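A.B. asks: Have a look at this one.
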Amino acid sequence: IHISFFVFDLKGADEDMSKEEDGEDERKRQHLLEAISALGGKRRKTLRERSEAAVQMSEFMVNAEDESERVELSDLIQIIEKTSTVPAKTKKQLNNLQRSKKTIECPLSKQESERIRRDVAFQKAATDISRWKSIISQNQRAEQLVFPLNQEPSGPKPMERVVTGWKAQTPLEQEIFALLSANKQPINDPILTPTEQASVRAMSLEDAKVHRAELQKARALQSYYEAQARREKKIKSKKFHKVQNKAKRKEFLKQFDEMVKTDPAAALEELNKMEVARMQERMSLKHQNSGKWAKSKAIMAKYNEGARKAMQQQLELNKHLSQKLVTSLNDDEEEEEVGDPELLPDFVNDAEQEMDSSNPWMRGRLSQDPTEEEENGDTVGLTTEQSGGVEYIAEEEEKVEETEDNVILREFDSRRKLRQALETDTAAEMSVDEEEEEESKAAAEDGDASDKEEEGLSEFTNLFHEIVEGQSRVEGAGDAGRADTSTQLEAGVIRIRTLRDVELLTQDSSATDKLHGEFPKPLSTENLPSTTQKAGKSRKRKKKIQLKEVLTKETKVMKVLLAPTVEASEELEEKLDQRGLIKEAFAGDDVISEFLKDKRKRENVGTSKILDLTLPGWGEWGGTGLKPSRSKRRRFRVKNAPPPPRKDQHLPSVIISEKRNSFVSLHQVNSLPFPFENHTQFESTICSPLGRTWNTEQTVKKITKPKVVTRLGTIIEPMAQEELVKDPHISSQDLQVVLQVLPWKRLTAK
Amino acid sequence: MKVKVLSRNPDDYVRETKLDIQRVPRNYDPSLHPFEVSREYTRALNATKLERVFAKPFLASLDGHRDGVNCMAKHTKSLSTLLSGSCDGEVKMWNLTKHECVRTLQAHEGFVRGMVVRYCGTSFFTVGDDKTIKQWKMEAPGYGEAEEPLNTILGKTVFTGLDHHQKEAVFATCGQQVDIWDEQRSSPIRSFTWGVDSFSSVRFNPVETELLASCASDRSIVLYDMRESAPLKKVIMTMRSNTLCWNPMEAYHFTCANEDYNLYTYDMRNLDRPFMVHMDHVSAVLDVDYSPTGREFVSASFDKTIRIFQNDGGHSREVYHTKRMQHVICVKWSADNKYILSGSDEMNIRLWKANAAEKLGVLAPREKQAINYNQKLKEKFQHHPQVRRIAHHRHLPKNIYHQTKELRIMKEARKRKERNVRKHSRPGTVSVVSEKEKHVVTVVK
């Protein structure tokens, strides 16, 4: 209270002093102040006044004792206010400074400031290094990592890169380089020479653009076309290719038609080409049923409808491709002119085709009986007439001229055929269509007629008509051929039977021996010349040259057995027998009853009966020959509680052992391993197999990819800064931001 | 009785051309291939057993030093070259493929403390007890030429460690303080001190190349930025770290080898607790080196063993030892991730396979497939007790085996005691301290 009063007084005194400016008051105040300072008890240390300049000056030496002597800011700036050169702004600032009475904080200690600096630097480094976070976590999660990370792509490098890192060393190399440089040939950039570059530069941009667009389009089209062709080539379907080829042929024919009118020379060339192709086909072994494929098909034909069909088609194709294109007129004329008696008739050829067949009877003309043809279509196939309907008709005309002995033979044959028909209900179906043959013949004749009409035309048109005619003929022949081949396939079976018939026939023929002395002789040698000699010439004249006669190599005839129908029933029986067979084999041991016995035994093991706990000697006499009393025994009898029901209770054919197998438990996991959260998760991973027995090749490869792959003998460098750039998670903007923010942070901190 | 014969369509199994691959028809119907789990389990078990059968990691021993091998350096450009410095100041250059020494030079008087190959592979630096830093040419001197260093720097104090920058002509040494040197100057361009201590090793970060870390004798690990004038941060642990190594694929991870038998992997950004504690050694860990893939590291210990750890696994996956190998002082993982090199007290350098059961050399594709498949099987069934037992079994020298047991007992006892203390005190007063937190004393900013 005392001091506060004084202070109040002091303030009042100050005001007085300013008003009155009395010297006495001043003195009083001085006294008062001295008295107050004396109250504190401390003697204030009087500081020395600075009198001389010193290099090392302490801040504690500065004297601030006398308020009156203290230099105020106002004293210093009085001069400034007077001078006019100082701007007003500065004066204002100084005035403001004069008014403010705040003291400045003292600077931080060295330790503190260093600590802050370190902290800031660390923060900066930490944020800087956090850039790697995404790429690191990505690598940790990756299914597979391939080291070194920045692998150069294998394969050829561009020339420039190879050449720049290489210097000419040997004199030869130096010479070459000198030459190249002398001729201004490119060394480092081998794509363009200087002149080329100049010309490129000369080209206008628009031109270049248009040119480039064109080129691009052309390239694109080409690539599309290539891709399409590749795709089509890859298609395995034979049918597709067949259809495609057919379409192509048609298209070609159409074009050809036009070409005939517009450009006959080119058309002629085309024609020659076709001829060459045909010749090549004849020369080659293609479609001759001699290939591996054909053989395999022949084996399969017995069981497989598709294979049989494929073979037929093959044969047909062969016929079609090797068909010579000839005008009937020309051929006829030639034939007549030659009139060669020594030339073998086609009947001979036909017979020769059958050389490999086992049945000598089949070589003759016998099967060409008209009645027979009507009755049994399959016999037609025995001679494998592949030349089509035209021939048949020709042959029909010749029948009249055949000799008596042939007639007799045919009688035998017909008798035999009848028997055969009776025997086999499953005769192959007749597929030769008589009507179609007729049609084809008519078509051929039409062609002939048209030929005659247009005799005046040029040689070329003649040729062309030949082609058309040939095609129509081929089509006709194709129909017949199909039938033929179908019968051929069945021929084998029939032949076997016919062999048997031959024996029968020989027995029969003993009766007719008197009529024909020469008959018992082997027919194969007998029949052939006789028929050919008689039939030969006249037939020759009527017929065109057939391909068969000219061909050096004949098509192989496939003999394929039909799937046996009789055996099928046997198989059925056997199937039924299978069970019985097993029964028979295991007749001795009765497995089922043994099993049941075993099961009952196991069941009984668990259910123990009544337990007798009587102890002899307790409560009565004991010893040899003494039994515990009945009452006692009854008393100590204990009945066991029935065991829980067995699991296999309702499964009659199963025994489930409920004992814990210690051997198995040794291999089982008894607690859930770490990364898994529940047992189903763990079980599912265990249950999914990895091996190639259960997975496809691709899947196995994918599943068993190793986690880390390193290349043999390569140094793996530490991760480089380039990896950051590669990382898709950090955009370039983010990088920029990071780089910009950091220096700013540092500045503000300082 | 009729005999039936199988007949098949040859088209189903005959190739079209002999150049085609043989068609092997497979039916993946699971009902046809039953018992897949048990079959694969058997395969996995067999694979594990075979792995142990084929585990022969020791390849060669390089002898020639006349004193303990104190430091080693990998060549940065050549896989077959290794440099080693011994306690008598001798440096040897080895050809690893031929297992022979190709060059010997007397580099220092006293120990060769540190050695590092320049990033370009043309020269290398050594520091020794004679207070010098020397730069040597990688090529041997020609006939008649004297074996002389390219450059010698005389320091004021002994240098204990050395490392070179990944891309620039700058290297760092440690001794009483950590110095950053420009190759062209004879005085350091920067020196870092933080308190009075001596440093045992210094390492540049191979990824973020301006960062360094060092181990100090006051049980601390200090981080530096080469561009800053002051160090960044330090963490003080319960015991001293001998060396450390940065992960070459994960920029902010480093592992330090500690005197308390453990290794600690830290995330540089968070030094409060190690990211992972790697235990298994039974004596002080002296050196550590990362595999170039950054997935594993190898540690050398005073207990005469080398151990290989996963970078995220608490226990080692492999332990290598031989009867003759003494305290292992330095260890390196080769740059192609295939081999491990260890230098030990008894003057030998040993060459080991990184994967003990791996077949060396070029593998046929089918071999590769089989190896991959077996590897996956082993991974799949690793939790099954029999598989695990076989896979984890390692023969250990008797003393290490007993020491491990002893340590385990000690640890359990300590745990039990902690548990009891917690049980008998007011709840909340005794907190649970995790193993990771236990070993960090403080982090100094």
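The values are calculated or read from the model by the stated rules, or taken from the named source; none is laboratory data. Keep in mind that this is a model prediction, so the values were computed, not measured. Methodologically, a virtual Cβ is constructed for each residue, glycine included, from the backbone with ideal geometry; neighbour enumeration extends over all protein chains shown. These area figures cover heavy atoms from the full protein model, side chains too; ligands, DNA and RNA do not enter into them. Shrake-Rupley method; radii C 1.70, N 1.55, O 1.52, S 1.80 Å.
A.B. asks: Within the set of other residues whose C-beta is less than 14 Å from the C-beta of A:D598, count the net charge using Lys and Arg as +1 and Asp and Glu as -1.
C.D. replies: +1
A.B. asks: Could you please put B:C174, B:C120 in sequence from largest to smallest accessible area, using a 1.4 Å probe? Could the numbers behind the result be given before it?
C.D. replies: Values: B:C174 0, B:C120 45 Å².
Result, largest first: B:C120, B:C174.
A.B. asks: Using a loss threshold of 30 Å², tell me which positions in the stretch A:107-124 are less accessible in the complex than in their chain alone. Probe radius 1.4 Å, ligands and nucleic acids ignored.
C.D. replies: Buried by the other chains: A:R115, A:R117, A:R118, A:D119, A:A121, A:F122, A:K124.
A.B. asks: Right, here's the next one. Please work out how much accessible surface A:T680 shows to a 1.4 Å probe, ignoring ligands, DNA and RNA, in Å² rounded to 10.
C.D. replies: Probe radius 1.4 Å; accessible area of A:T680 about 80 Å².
A.B. asks: Between chains A and B, what is the buried accessible area in Å², counting both sides, with a 1.4 Å probe and ligands, DNA and RNA left out, to the nearest 100?
C.D. replies: Details: alone 58020 and 24710 Å², together 76780 Å².
Chains A and B together bury approximately 6000 Å².
A.B. asks: Which residues of the stretch B:335-351 end up with at least 40 Å² less accessible area in the presence of all protein chains than when their chain stands alone, using a 1.4 Å probe?
C.D. replies: The answer is B:A335, B:D336, B:K338.
A.B. asks: Count the DSSP beta bridges whose two residues both fall in the stretch B:257-356, then state the antiparallel fraction as a percent rounded to the nearest 5. List each step's numbers first, then the result.
C.D. replies: On the way: 29 of 30 bridges.
In the stretch B:257-356, DSSP labels about 95 percent of beta bridges as antiparallel.
A.B. asks: Hey, if you put +1 on the Cβ of every Lys and Arg and -1 on every Asp and Glu Cβ in chain B, which of B:A413, B:L341, B:G195 ends up farthest toward the positive end of that dipole?
C.D. replies: Value: B:A413.
A.B. asks: When the accessible area of each residue in the stretch B:383-398 is compared between its chain alone and the complete protein assembly (1.4 Å probe; ligands, DNA and RNA ignored), which residues differ by at least 10 Å², being lower in the assembly?
C.D. replies: Buried-area filter returns B:H383, B:H384, B:P385, B:Q386.
A.B. asks: Roughly how many Å² of A:F177 are accessible to a 1.4 Å probe, to the nearest 10?
C.D. replies: Using a 1.4 Å probe on the heavy atoms, I get roughly 50 Å².
A.B. asks: What residue among B:V207, B:V282, B:V24 shows peak mean-square fluctuation when chain B is described by a Gaussian network model with Cα springs under 10 Å?
C.D. replies: B:V24
A.B. asks: Further question on the same structure: Of the candidates B:R39, B:R52, B:R388, which one comes out as most mobile in a Gaussian network treatment of chain B with C-alpha springs shorter than 10 Å?
C.D. replies: B:R39
A.B. asks: Keeping all protein chains in place, calculate the accessible area per residue for the stretch B:257-356 (probe 1.4 angstrom), answer in Å².
C.D. replies: Values: 2750 Å² over 100 residues.
That works out to 27 Å² for each residue.
A.B. asks: Follow-up question, since we're still on this one. Tally Lys and Arg at +1 and Asp and Glu at -1 over the other residues with C-beta under 11 Å from the C-beta of B:G128: what net charge comes out?
C.D. replies: Numbers: positive: B:R113, B:K131, B:K134; negative: B:D88, B:E90, B:E109, B:D129, B:D130.
Around B:G128, the charge tally is -2.
A.B. asks: Roughly to the nearest percent, how much of the accessible area of the stretch B:257-356 is carbon and sulfur, given a 1.4 Å probe? Provide the component values of the computation, followed by the final result.
C.D. replies: Working: 1270 of 2750 Å².
C and S fraction of accessible area: 46 percent.
A.B. asks: Between their Cα atoms, which of A:K124/B:K445; A:K597/A:K647; A:K236/A:K273; B:K77/B:K234; B:K98/B:K167; B:K137/B:K167 are more than 23 Å away from each other?
C.D. replies: Details: A:K124/B:K445 14 Å; A:K597/A:K647 17 Å; A:K236/A:K273 28 Å; B:K77/B:K234 34 Å; B:K98/B:K167 30 Å; B:K137/B:K167 18 Å.
Too far apart for the 23 Å limit: A:K236/A:K273; B:K77/B:K234; B:K98/B:K167.
A.B. asks: Any idea what Rg and Dmax come out to for the stretch B:112-192 if you just take the C-alpha atoms, in Å?
C.D. replies: Just the Cα atoms of the stretch B:112-192 yield Rg and Dmax of 12.5, 43 Å.
A.B. asks: Here's something else I'd like to know. Report the convex hull volume per residue for the stretch B:257-356, counting only C-alpha atoms, in Å³. Numbers along the way, then the final one.
C.D. replies: Numbers: hull volume 8.8 nm³, N = 100.
Taking the convex hull of the Cα positions in the stretch B:257-356, it is 88 Å³ per residue.
A.B. asks: Normalised by the number of residues in chain B, what is the relative contact order in percent for Cα pairs under 8 Å and 6+ residues apart? Numbers along the way, then the final one.
C.D. replies: Numbers: 999 pairs, mean separation 57.6, N = 445.
Rounded, it is 13 percent for chain B.
A.B. asks: Using a 10 Å cut-off around each Cβ of peptide B:416-422, what is the average number of partner chain Cβ atoms that fall inside?
C.D. replies: Working: counts 0, 0, 0, 0, 0, 0, 0.
For peptide B:416-422, the averaged partner shielding equals 0.
A.B. asks: Here's another thing I want to ask about it. State which entries of B:K359/B:K380; B:K74/B:K338; A:K238/A:K295; A:K702/B:K56 exceed 20 angstrom in Cα-Cα distance in the structure shown. Don't skip to the end; give the middle numbers.
C.D. replies: Working: B:K359/B:K380 22 Å; B:K74/B:K338 14 Å; A:K238/A:K295 18 Å; A:K702/B:K56 30 Å.
Distance filter (> 20 Å) returns B:K359/B:K380; A:K702/B:K56.
A.B. asks: Hey, if we sort B:H33, B:H164, A:H679 by accessible area with the 1.4 Å probe, largest down, what's the order? Could you put the intermediate results ahead of the total?
C.D. replies: Working: B:H33 40, B:H164 10, A:H679 110 Å².
Largest accessible area first, the residues go A:H679, B:H33, B:H164.
A.B. asks: Of A:T103, B:T157, which has the most accessible area with a 1.4 Å probe, and how do the rest follow in descending order?
C.D. replies: On the way: A:T103 125, B:T157 35 Å².
Accessible-area ranking of A:T103, B:T157, largest first: A:T103, B:T157.
A.B. asks: Could you pull out the chymotrypsin sites (Phe, Trp or Tyr not before Pro) across the stretch A:589-697 that fall in loop regions by DSSP (anything but H, G, I, E, B) with no more than 10 other Cβ atoms inside 10 Å?
C.D. replies: The qualifying sites are A:W618, A:W621.
A.B. asks: Loop only per DSSP, at most 12 neighbouring Cβ atoms within 10 Å: give me the trypsin sites (Lys or Arg not before Pro) in the stretch B:214-304, ordered by residue number. All intermediate terms of the calculation are to be shown ahead of the outcome.
C.D. replies: Numbers: sites: B:R219, B:R227, B:K233, B:K234, B:R240, B:R269, B:R295, B:K304; in loops: B:R219, B:R227, B:R240, B:R269, B:R295, B:K304.
Qualifying residues, ordered by number: B:R227.
A.B. asks: Just need the relative contact order of the stretch B:228-273 here, percent rounded to a whole number, with Cα pairs under 8 Å and 6+ apart. Intermediate results must be reported in sequence, preceding the final value.
C.D. replies: Numbers: 55 pairs, mean separation 13.2, N = 46.
For the stretch B:228-273, the relative contact order is 29 percent.
A.B. asks: On to the next question. Of A:K239/A:K309; A:K302/B:K2; B:K49/B:K378, which ones are farther than 18 Å apart at the Cα? Can you show the working numbers first?
C.D. replies: Numbers: A:K239/A:K309 12 Å; A:K302/B:K2 20 Å; B:K49/B:K378 10 Å.
Violating the 18 Å limit, Cα to Cα: A:K302/B:K2.
A.B. asks: Tell me, what % of the accessible area of the stretch A:602-657 is carbon and sulfur with a 1.4 angstrom probe? Spell out each step's value before the answer.
C.D. replies: Working: 3010 of 5180 Å².
The C+S portion of the solvent-accessible surface of the stretch A:602-657 is 58 percent.
A.B. asks: With an 8 Å cut-off on Cα pairs and a minimum separation of 6 or more residues, tell me the relative contact order of the stretch B:257-356 in percent. All intermediate terms of the calculation are to be shown ahead of the outcome.
C.D. replies: Numbers: 253 pairs, mean separation 19.9, N = 100.
Relative contact order here is 20 percent.
A.B. asks: Are there any trypsin sites (Lys or Arg not before Pro) in the stretch B:65-105 that are in a DSSP loop and have at most 12 other Cβ atoms within 10 Å? List them by number. Show your work: numbers first, answer last.
C.D. replies: Values: sites: B:R66, B:K74, B:K77, B:K92, B:K98, B:R103; in loops: B:R66, B:K77, B:K98.
Qualifying residues, ordered by number: B:R66, B:K98.
A.B. asks: Can you compute the modelled spin-label distance between B:E139 and A:V605, with each label point 7 Å from Cα toward Cβ, in nm?
C.D. replies: 8.5
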